[in-house]
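Take a look at the structure below.
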Amino acid sequence: VIRCRAAVAWAVGKPLSVEEVEVAPPKAGEVRVKIVATGICHTDEHVSEGCFPNVDFPVIPGHEGAGIVESVGEGVTSVKPGDKVIPLCLPQCGECSFCLNPESNYCVKAHLSESQSLLPDKTSRFTCKGKQIHHFLWVSTFAEYTVIPECAVAKIDAAAPLDKVCLLGCGFPTGYGAAINTAKVKPGSTCAIFGLGGVGLSVVMGCKAAGASRIIAIDINKDKFAKAKELGATDCVGPQDFKKPIQEVLTEMTGHGVDYSFEVVGHADTMTAALASCNMNTGVCVMVGVLPSGSAISIDPMLLLSGRTFKGTLLGGWKTRDCIPKLVSSYLEKKFNSDLLITHTLPIAKVNEGLELLRAGKSIRTILLF
């Protein structure tokens with residue numbers, strides 16, 4: 001058993017508490033990882049707000065990390081102690097019908113199919129003050145040591161800087177892949193991105209990499225416009241500057257609406273606006289933002305009857321164990337610069353300060369270091 005620090009969410013709506021926790025050794029098919037760095041993603045904020053129905057408290061959040069394998073359980077063959085790895089919030093078991101389908105990146109072991117508050121044997125490896133602490137998405141990267149099923153760990157290049165490539169665990173591949181894989185943005189096309197957090201700005205980078213000629217970035221926080229332009233946005237729009245709905249503004253700017261729109265906010269009204277802002281026949285709208293559990297979206301069926309496509313994306317469409325290591329290699333080859341998303345670096349003890357920066361819209365990505 002290893003004793004180490006972790007940020008624990010004891011109850012909904014309470015600040016995280018940095019505690020000493022005990023982390024049990026890995027059982028068969030599991031890997032114990034020393035987390036070196038972890039990003040703060042909006043999803044971690046959603047956990048403490050209680051937006052996820054299948055997250056049990058107390059829990060150790062965090063799902064965008066990078067670390068080094070400390071030990072492995074019986075039967076683990078893909079990683080060994082000393083390997084650099086990225087924990088995967090979307091597993092790839094390699095055996096289910098989704099994993100065997102080349103066009104799918106889902107896995108039946110993912111949290112949308114079953115709860116990942118406990119490991120597959122329905123027990124936890126975390127305890128604190130004599131109490132069982134739950135896992136989050138099986139990865140819990142806000143802990144200095146964490147135990148993860150082998151199907152949710154990807155070995156990466158030994159040269160990778162862990163305090164930078166931790167972003168490749170969630171935020172960057174989700175946005176970048178939404179453009180490249182899910183929308184399949186074509187060269188010369190027009191794109192609109194609603195929401196310019198870390199994921200939305202990664203969509204901007206993906207649209208630029210795909211050769212889009214016009215990239216319209218939309219946010220109510222104009223402080224984010226400079227970064228959006230640096231990453232490839234050609235136009236920045238503040239919805240509050242107009243009396244008319246934003247979809248009408250975008251349609252006027254582009255003639256018949258954009259070719260691709262991306263909702264990266266997680267609000268029902270912006271989902272509807274994003275769908276209405278893409279062109280009525282061949283337009284593609286991708287839902288990237290996470291709506292609170294139990295939400296409903298009201299859509300005029302004519303928006304779809306005319307030919308538009310409305311689709312979602314999970315982690316940008318990447319088959320995680322196959323693709324995340326390749327993305328790390330592309331990062332090392334300087335094919336993209338995800339470092340530009342990092343605005344703050346803090347010690348794990350200041351996790352609540354990092355979450356406050358996120359809530360206030362003052363950070364793109366904060367990296368926590370152990």
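The values are calculated or read from the model by the stated rules, or taken from the named source; none is laboratory data. All values derive from a computational prediction rather than experimental measurement. Because the Cβ atoms are built from the backbone with ideal geometry, glycine has one as well, and the counts that use them run over all protein chains shown. With ligands, DNA and RNA removed, areas are computed over all heavy atoms of the protein, side chains included. Shrake-Rupley method; radii C 1.70, N 1.55, O 1.52, S 1.80 Å.
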So what is the accessible area of the chain per residue, in Å², with the probe set to 1.4 Å? 40
Report the longest stretch of the chain that contains none of the GluC sites (Glu not before Pro) sitting in a DSSP loop with at most 13 other Cβ atoms within 10 Å. 115-332
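Please quote Rg/Rh for the chain to two decimal places, taking the Kirkwood radius as Rh and restricting both calculations to Cα atoms. Show your work: numbers first, answer last.
On the way: Rg = 20.2 Å, Rh = 20.8 Å.
Taking Rg over the Kirkwood Rh, I get 0.97.
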Within the stretch 319-359, the residues whose backbone N lies under 15 Å from a label point placed 7 Å from the Cα of ALA159 along the Cα-to-Cβ direction are 326-336
DSSP-defined antiparallel bridges as percent of all bridges, the chain, nearest 5: 55
Mind listing the long-range amide H neighbours of ALA154? Cut-off is under 5 Å, sequence gap 5 or more, other chains count too, H placed in the peptide plane at 1.01 Å from N. ILE86, LEU88
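Taking only C-alpha pairs under 8 Å that are 6+ residues apart, what is the relative contact order of the stretch 175-313 in percent?
Numbers: 308 pairs, mean separation 30.8, N = 139.
Relative contact order of the stretch 175-313: 22 percent.
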Which of the three applies to the stretch 290-370, rounded, prolate or oblate, going by the alpha-carbon gyration tensor with a ≥ b ≥ c and a/c under 1.5 meaning rounded? oblate
Under 16 Å Cα-Cα from LYS326, which lysines qualify once same-chain neighbours fewer than 8 residues away are excluded? LYS84, LYS155, LYS164, LYS334, LYS335
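Using a probe of 1.4 angstrom, how much of the accessible area of the stretch 175-313 is carbon and sulfur, in percent?
Working: 3310 of 5960 Å².
Of all accessible area on the stretch 175-313, carbon and sulfur atoms account for 55 percent.
Hand me the tally of lysine pairs in the stretch 175-313: alpha carbons under 14 angstrom apart, and the pair either on different chains or 8 or more positions apart. Write out the running numbers ahead of the final one.
On the way: LYS184/LYS208; LYS184/LYS311; LYS186/LYS208; LYS208/LYS227; LYS208/LYS229.
Number of lysine pairs found: 5.
Rounded to the nearest 20 Debye, what is the dipole magnitude of the stretch 175-313 about its Cα centre when Lys and Arg each give +1 and Asp and Glu each give -1 at the C-beta?
Working: 12 positive and 11 negative charges, 65 e Å.
With only Lys, Arg, Asp and Glu charged at Cβ, the dipole is about 320 debye.
Out of the stretch 215-290, which trypsin sites (Lys or Arg not before Pro) are coil in DSSP terms and have no more than 14 other C-beta atoms within 10 Å?
Numbers: sites: LYS222, LYS224, LYS227, LYS229, LYS243; in loops: LYS243.
Filter output for the stretch 215-290: LYS243.
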With the Cα gyration tensor of the stretch 175-313 giving a ≥ b ≥ c as the square roots of its eigenvalues, does the rule (a/c under 1.5 for rounded; else a/b larger than b/c for prolate; else oblate) give rounded, prolate or oblate? rounded
What 222 nm value per residue comes from the helices of the chain, counting each DSSP H run with n ≥ 4 as -39,500 (n - 2.57) and dividing by all residues, nearest 500 deg cm²/dmol? -6500 deg cm²/dmol
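Figure the gain on full extension for LEU369 and LYS186 (residue separation times 0.36 nm, minus the Cα-Cα span) and round it to one decimal in nm. All intermediate terms of the calculation are to be shown ahead of the outcome.
Details: separation 183, 0.36 × 183 = 65.88 nm, distance 3.80 nm.
The span from LEU369 to LYS186 would gain 62.1 nm if fully extended.
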Residue (of VAL185, THR309, MET287) at the positive-pole extreme of the stretch 175-313, dipole from beta-carbon charges: VAL185
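Can you work out the FRET efficiency for the pair GLU252 and VAL108, with r the C-beta to C-beta distance and R0 = 51 Å, to the nearest 0.05?
Working: r = 45 Å, r/R0 = 0.88.
After rounding to 0.05, the efficiency reads 0.70.
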Within the stretch 319-370, list the trypsin sites (Lys or Arg not before Pro) lying in a DSSP loop whose Cβ has at most 13 other Cβ atoms in a 10 Å radius. LYS334, LYS335, LYS362
One finds the C-alpha centres of the stretch 69-105 and the stretch 319-352 to be spaced, in Å, by 19
Placing +1 at every Lys and Arg Cβ and -1 at every Asp and Glu Cβ, with all other atoms neutral, what dipole size does the chain have around its Cα centre, in debye to the nearest 20? 440
Between the stretch 1-59 and the stretch 156-204, what is the C-alpha centre distance in whole Å? 25
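Scanning the chain for helices, which whole DSSP H stretches are 15 Å or more long along the axis (Cα) and average 1.0 or more by Kyte-Doolittle? Mind showing how you got there, number by number?
Details: long enough: 198-209 (16 Å, 1.39); 320-332 (18 Å, 0.13).
Taking the DSSP H segments of the chain (at least 15 Å long, mean hydropathy at least 1.0), we get 198-209.
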